[in-house]
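Structure record follows, encoded as structure tokens.
The values are calculated or read from the model by the stated rules, or taken from the named source; none is laboratory data. Small disclaimer: the values here were computed from a predicted structure and weren't measured. Here the Cβ positions follow ideal geometry from the backbone for every residue, glycine too, while neighbour counts run over all protein chains shown.
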Amino acid sequence: MKISGFFISLLVLAGATCAFSQDAPVIHPDSVKGKFKPTGVRLGTGVINIIRTSANSNLTELTFIADIDFYRYFWNVEWGLFERTRAGGANSVYSVEGSYFRFGPEINFLKKDPEKNALFFGLRYARASFDDELTYTSASGFFDNDQLAISNSGLQADWYEMVTGLKVKIWKNLWMGYTARFKFGVDTFERNELIPHDIPGYGRADQRSAWDFNYWIMFRIPLRKQPGSVLEAIKPVDK
């Protein structure tokens with residue numbers, strides 16, 4: 001009786017499985033792959049950088065951003081210019097100029113937002129290329145003070161970042177957002193005769209890690225219509 005009961009249960013289970021398989025939805029690979037095709041590119045610039053540049057005649061800092069979506073994921077690229085002049089004691093002047101870039105992935109935690117708003121976390125690799133110079137007055141001259149200079153040319157600095165922030169649609173294709181970032185792993189150039197004060201895109205060169213924050217204004221260029229929900233990609237098999 002136990003054996004016959006086992007076979008009866010097995011037959012019932014097999015029948016239920018067959019019935020379910022006839023009505024079960026099938027995920028079409030082409031539909032799923034379509035969700036990972038980019039729907040748009042966002043291009044923008046940093047707002048805080050523009051304000052700081054306008055308020056300080058000795059500073060020029062511009063940052064440009066671009067990202068492209070792959071379903072819940074974004075690929076982000078940033079590029080910037082930096083120039084600064086600082087007046088110091090003993091008639092000294094320090095100046096630095098260069099450029100930098102950052103790139104890396106982001107994941108969006110707002111899964112089902114049709115507007116592609118993003119609450120994100122991401123990683124970045126960054127590199128800066130720059131020159132700097134310190135000019136100062138030396139009192140060692142016999143008659144007049146001498147003007148001397150120490151400089152670095154062709155410096156490069158690498159570092160890494162963890163970022164988080166928000167990107168929100170404001171009106172039609174106009175977007176705004178912010179990014180908070182933790183930067184770490186930079187070279188402090190302590191072996192150089194002239195130790196840089198500023199690293200473009202990073203900040204003070206004597207800090208092994210640093211925090212940064214920026215607001216963005218962006219314009220989105222649509223590439224195609226956004227895919228439907230997951231349920232639209234799932235269709236039952238015709239009986």
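Listed values, structure above:
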{"item": "Residue list for the range 182-229, restricted to those being closer than 30 Å to Asp69 by Cα, among the charged types (D, E, K, R) and surrounded by 13 or more Cβ atoms within 10 Å (Cβ to Cβ)", "result": "Lys183, Asp212, Arg220"}
{"item": "Matching entry among Thr85, Thr63 (being over 17 Å from Met176 (Cα atoms), hydroxyl-bearing (Ser, Thr, Tyr) and over 10 Å from the mean Cα position of the chain (by Cα))", "result": "Thr85"}
{"item": "Cross-chain or 6+ apart pairs with Cβ under 7 Å, the range 190-210 first and under 19 Å from Tyr125 (Cα atoms) and at pLDDT 90 or above, then polar (S, T, N, Q) and part of a loop (DSSP other than H, G, I, E, B)", "result": "Ala205/Thr188; Arg208/Thr188"}
{"item": "Scan of the range 107-134 for residues that are over 16 Å from Lys183 (Cα atoms) and assigned to a strand (DSSP E or B), ordered by number", "result": "Ile107, Asn108, Ala118, Leu119, Phe120, Ser129, Phe130, Asp131, Asp132, Glu133, Leu134"}
{"item": "Selected residue (criterion: surrounded by the fewest Cβ atoms within 10 Å (Cβ to Cβ)) from residues of the range 169-181 that are touching a Gly at 6+ places or on another chain (Cβ under 9 Å) and at pLDDT 95 or above", "result": "Ala180"}
{"item": "Those residues of the range 168-186 which are free of Cβ contacts under 8 Å to residues at least 40 places away in the same chain and not small (Gly, Ala, Ser), in sequence order", "result": "Ile170, Trp171, Lys172, Tyr178, Thr179, Phe182, Phe184, Val186"}
{"item": "Within the range 73-95, tally of residues that are more than 30 Å from Ile107 (Cα to Cα) and either among the small types (Gly, Ala, Ser) or in a loop (DSSP other than H, G, I, E, B) (or both)", "result": "7"}
{"item": "Selected residue (only one of Ala118, Ala87 is on the phi < 0 side of the Ramachandran plot, out of contact with any Gly (no Cβ under 8 Å at 6 or more places or on another chain) and at pLDDT below 95)", "result": "Ala87"}
